[in-house]
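What follows is a short report on a single structure.
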Amino acid sequence: MGVSSSRSNDSQHRSEVAAQSPSRSGVFAAQTDKRLEAFSESISFDHRLFRHDIRGSIAHARMLARQGLISEQEFQQIESALGEIEREIAEGKMPWRPELEDIHMHIESALIERLGDVGRKLHTGRSRNDQVNTDFRMWVRDALDEIDELLRGLQRAFVGRCQRDMDVILPAYTHLQRAQPVLAPHYWLAYVEKFERDRQRVADCRRRVNVCGLGTAACAGTTLPIDRRMTAEELGFEEVAANSLDVSSDRDFVIESAFVLALIAEHLSGWAEEWILWSTVEFGFLKLPHQFCTGSSIMPQKVNPDTLELTRGKTARVIGNLQTLLVLVKGLPLAYNRDLQEDKPPLFDSFDTVRACLQLAIPIVEQAELQREAIRARLDDGFLDATTLMEHLIRQGVPQRTAHHLVGKLVGMAQDRGVRLADLDAEQLREAWEELDPDVLEALGVEKAVKAYRSYGSSNPDLVAEQVQRWRKRLQ
Ligand code: ARG
């Protein structure tokens, strides 16, 4: 066989190979190994980006037409075909083909199937790195908005029960030991504050997500006269990324979102743990709504707080996803590397998990019932008013360290006798300290202790009521 005939065979072979997938140019001399196909596909998860990909493609095509890179008529054809493709995918009618790798190539191939050469023009001045970056930023933006709305719903659920729980006093704990009495709404608003910071983080993170990378082409930009401002604006981005190398490699927005979600999960997990404890016989503070509890297959008496346990348990995954993402980008040289494809499953998972946790937390917070009788019956346990007594003495001029020691002594005496501080008599008080005025007993009892708080941010009933009003207005 002569050299020339082998050459022509080779080029024919090459064009057949190229027909396999739009991303395989004429340079390829062999078909993709099936094992690589299965290994590298992302369509199994990035199909979630299809609406954003289509929106991005329409904006890109409109810009190409405006810039004279395609005709107005070609744009119209592309726009309407993309609309059809979107419906087809939404109806589950597009089969996923691993050889097409990802959502971007599925959509482009479908377009080419419909429009031929007109479809082949869509990818002018654009790369898949552009697409994935732009699509994912739009997806994350929507996801953050959804999380924000759910966080707001959860805040409203907590604020919504403040009025009805205003008369309930609960022990506050430090080291999980009874510490000081607080109003139940003081607890509820503590969580409202935490979720407010989460919402602030969501909003702040969103600003950095909302930067447009479309138009960086592969990594260095393009010689074609594209208009990046136009596409950015059409896609609702607030800024156009200023450096093509940076933005095509940047996954800060993914990591930051994963962090924001991880911290939300941490807050939910802490709350879940607390309410699991509160719903035990040992605490007996709370009855959880039965539609969010499960039973035991062997013990008929059991009503288990599985929703809360899984909220706590799934937090591990959300934290793990953040770790995965941090390690993923560690040590990647500029600009795009295929490693980055691995950024989607962890963030999708974090988002799905946190969303599900929030969706369940809201009705649980709304419907759980405080066990008022049981709580009240044990408010005298644990000397919750000891600190109030100490502060009463301080106000009478006793140095803090002396008062601290003295009240400790009184607590010891009461413990020995198995009574409350208020049950000690005048003689016992004098035994502790000769100068002790028996009037101090007036300050005792959890109700008085709560009313006696004065500092801003404390559980004083008037201050708590003010905070409830403030949150009500804010969350309207
Ligand atoms: N599926 C790819 C990803 O998620 C899209 C970009 C592919 N780019 C490339 N040069 N192979 O990252």
Distance between modelled label sites at GLU369 and GLN67, nm, 7 Å Cα→Cβ extension = 6.5
query = Given PHE75, PRO300, LEU463, which one lies farthest toward the positive end of the charge dipole of the chain, if we put +1 on the Cβ of every Lys and Arg and -1 on the Cβ of every Asp and Glu?
reply = PHE75
message = Ordering CYS162, CYS293 by accessible area with a probe of 1.4 Å, largest first, what comes out?
response = CYS293, CYS162
request  = Normalise the Cα radius of gyration of region 283-420 by 2.2 N^0.38 Å (N = residues in it) and let me know the number.
outcome  = 1.79
ask   = With r defined as the distance between the Cβ atoms of GLU233 and ALA356 and R0 fixed at 51 Å, what FRET efficiency is calculated, to the nearest 0.05?
value = 0.90
Among LEU421, ALA374, HIS104 the positive-end extreme of the charge dipole of the chain (Cβ point charges) = HIS104
key: Kirkwood hydrodynamic radius (C-alpha pairs) into Stokes-Einstein, region 131-290, 20 °C and 1.002 mPa s, D in µm²/s   = 115
key: Compactness relative to 2.2 N^0.38 Å, alpha carbon Rg of the chain   = 1.40
P(r) tail fraction, region 59-109 - alpha-carbon pairs more than 14 Å apart, % = 58
task = Using only Cα atoms, find the angle between the long axis of helix 72-90 and the longest principal axis of the chain, and express it within 0 to 90 degrees, rounded to the nearest 10.
result = 50
Expected 222 nm ellipticity per residue - DSSP helices of 4 or more, -39500 (n - 2.57), all of the chain, to 500 = -20000 deg cm²/dmol
remark   = For the chain, dividing by residue count, accessible area per residue (probe 1.4 Å) in Å² works out to 49
task = Quick one: dipole size for region 290-418, taken about the Cα centre, charges +1 on Lys/Arg Cβ and -1 on Asp/Glu Cβ, in debye to the nearest 20.
result = 280
task = Could you list the GluC sites (Glu not before Pro) in region 167-251 that lie in coil according to DSSP, counting only those with at most 14 other Cβ atoms within 10 Å of their Cβ?
result = GLU238
remark   = Carbon/sulfur accessible area of the chain, % of total, 1.4 Å probe, equals 51
inquiry  = Restricting everything to alpha-carbon atoms, can you work out Rg to Rh for region 372-459 with a Kirkwood hydrodynamic radius?
reply    = 0.97
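The values are calculated or read from the model by the stated rules, or taken from the named source; none is laboratory data. Since this is a predicted model, take the numbers as computed values, not measurements. Note that each Cβ is placed from the backbone with ideal geometry, even for glycine, and that neighbours are counted across all protein chains shown. Please note that ligands, DNA and RNA were not included when accessible areas were found on the heavy atoms of the full protein model with its side chains. Shrake-Rupley method; radii C 1.70, N 1.55, O 1.52, S 1.80 Å.
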